[in-house]
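Scroll down for the structure; my scribbles are underneath it.
The values are calculated or read from the model by the stated rules, or taken from the named source; none is laboratory data. A quick note: this is a predicted structure, and the numbers were derived from the prediction, not measured. Counting neighbours? That spans all protein chains shown, and the Cβs are built from the backbone with ideal geometry, glycine included.
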Amino acid sequence: MDAVACISLRDREDRTREAAAQLHRVGLCRRVEFYRPARPPNRPKEAIWESHRTVLRRALDARRETVLVFEDDVAFRPGLTRRRLDSVREAFGALPKGWTVFYLGHWPIELHFLRHNLVRTRSACTHAYVASRALMEWLVATPYSSFIASSGVIGKGLDAAYAALAGTYAHFPMLAVQSTSPGDHKARTHGGIRAARHLVTRTRLHDYLLSHLMRPAELWAAAVSPLRTWREPTQPPG
């Protein structure tokens with residue numbers, strides 16, 4: 001990778017420390033540059049979008065061709081051996097021309113195998129991915145206000161926008177999930193528990209399920225992939 005970045009709010013020293021420990025464990029601690037924005041007063045989805053946009057703008061300004069981006073809730077799965085890293089390198093080298101995103105961690109909604117360790121994917125979550133130059137240019141040119149993607153499964157925000165782009169791929173199996181650390185992008189207690197879904201969307205259960213079901217979701221998507229016809233998204237970056 002030409003650059004490595006990790007996004008962490010200034011007032012979340014706990015998650016910055018946890019992310020630093022994770023990156024140290026896999027040998028990226030000396031390469032990573034932390035981006036520490038202030039907590040926004042509201043509109044968390046827009047703030048997430050703009051944080052990633054800033055990171056990709058910096059990489060673009062530095063004339064990088066690729067940048068590995070993490071969010072501070074990244075948690076690497078066990079078994080990240082030299083053999084697994086070689087597999088990632090092999091899969092990355094096999095990416096088709098015109099790729100935009102290469103996920104190392106994600107929640108796959110659907111996927112299609114190109115080889116044993118490389119899949120096309122339409123995914124949620126942006127905690128661990130490689131951005132191509134094409135993606136950098138697209139996001140830098142696209143403020144949140146001009147492109148608000150919506151998906152009934154993924155919702156609204158950056159990951160829904162990425163899921164609408166052509167050329168998104170992932171290593172199989174995923175290398176990183178999200179930790180169970182309390183997230184910053186949802187108001188857990190606002191409005192109280194008024195419906196069954198609020199037990200997930202407004203409590204810590206959301207973070208727990210997101211973390212522990214990410215890998216099972218990948219296995220399920222892989223199992224049903226032969227039964228589904230892959231339809232490449234039509235929205236190109238740029």
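Odds and ends about this structure:
- Some residue of the range 104-116 being buried (at least 18 other Cβ atoms within 10 Å of the Cβ) and not in a strand (DSSP E or B): no
- Checked against the criterion of being at pLDDT below 95 and farther than 20 Å from Val177 by Cα, the candidates Glu65, Glu46 yield just one match: Glu46.
- A single member of Arg43, Arg17, Arg10, Arg31 is without any contact (Cβ under 8 Å) to a residue 60 or more places away in the chain and touching a Lys or Arg at 6+ places or on another chain (Cβ under 6 Å), and it is Arg10.
- Taking the numbered list (1) more than 30 Å from Asp14 (Cα to Cα); (2) crowded, with 16+ Cβ neighbours inside 10 Å; (3) more than 15 Å from the chain's Cα centre (by Cα) in turn, Thr100 passes all entries but (3).
- Count of residues meeting criterion [touching a residue at least 60 places away in the same chain (Cβ under 8 Å) and either within 18 Å of the chain's Cα centre (by Cα) or exposed (fewer than 11 other Cβ atoms within 10 Å of the Cβ) (or both)] in the range 63-94: 15
- Summed over the range 50-88, residues that are assigned to a helix (DSSP H, G or I), more than 23 Å from Ala21 (Cα to Cα) and not hydrophobic (A, V, I, L, M, F, W, C) total 7.
- Residues that are more than 20 Å from Val67 (Cβ to Cβ), outside any loop (DSSP other than H, G, I, E, B) and over 19 Å from the mean Cα position of the chain (by Cα) do not occur anywhere in the range 28-41.
- Complete set of residues in the range 1-15 that are assigned to a helix (DSSP H, G or I) and crowded, with 18+ Cβ neighbours inside 10 Å: Arg15
- Those helices (runs of 4 or more DSSP H) of the range 126-232 in which at least 1 residues are in contact with a His (Cβ under 7 Å, 6 or more places away or on another chain) and at pLDDT below 80, considering only elements entirely within it, cover 198-201.
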